[in-house]
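Scroll down for the structure; my scribbles are underneath it.
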Amino acid sequence: MQLVVMATALALAGAMQTCSLDCNPRNVSIAVESCGKTKFVLTTICEGQCYHKDSVYVVPVDVSQQNVCNGDWSYEVKHFEGCPVAVTYPVAKNCACTTCNHDDTECGHVLLGHTQLLMSP
């Protein structure tokens with residue numbers, strides 16, 4: 001009985017850490033190149049899902065507003081030893097669900113099982 005309780009507690013603790021539907025910052029390593037060498041830097045990205053109510057009808061033009069996980073971004077500069085060229089990379093300062101901005105984000109729906117991609121105008 002104790003083994004079952006412990007296994008359940010560990011499974012729930014692990015699931016709570018990795019399964020989140022909210023929009024949150026996450027630390028990731030990204031590859032950057034400078035002076036012909038590839039290095040990895042630690043940065044922060046926004047990840048997660050935002051609530052969106054899809055229409056029950058498939059229409060050629062998406063008229064609803066779509067929320068996306070996005071944030072306030074800045075850029076940091078890093079110098080690597082032995083290389084005079086600095087690397088600039090993006091860093092998310094905070095994350096939130098916001099209305100999709102068509103100027104800098106591809107806003108649209110992919111229909112599963114179909115080859116058609118519906119894009120907002």
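The values are calculated or read from the model by the stated rules, or taken from the named source; none is laboratory data. What you see is a predicted model; the values in this text were computed from it and never measured. Reconstructed Cβ throughout: ideal geometry from the backbone, glycine too, with neighbour counts over all protein chains shown.
Filter the stretch 12-54 for residues that are at pLDDT below 80, more than 20 Å from residue 105 (Cβ to Cβ) and of a type outside the set (Val, Ile, Thr) and give the result. Scanning the stretch 12-54 gives 12, 13, 14, 15, 16, 17, 19, 20.
Yes or no, residue by residue, for (1) closer than 15 Å to residue 46 by Cα; (2) modelled with pLDDT of 75 or more:
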{"residue": "85", "(1), (2)": "no, yes"}
{"residue": "99", "(1), (2)": "yes, yes"}
{"residue": "110", "(1), (2)": "no, no"}
{"residue": "116", "(1), (2)": "no, no"}
{"residue": "119", "(1), (2)": "no, no"}
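Among the residues making up the stretch 67-93, a single one is under 25 Å from residue 103 (Cα atoms) and basic (Lys, Arg): 93.
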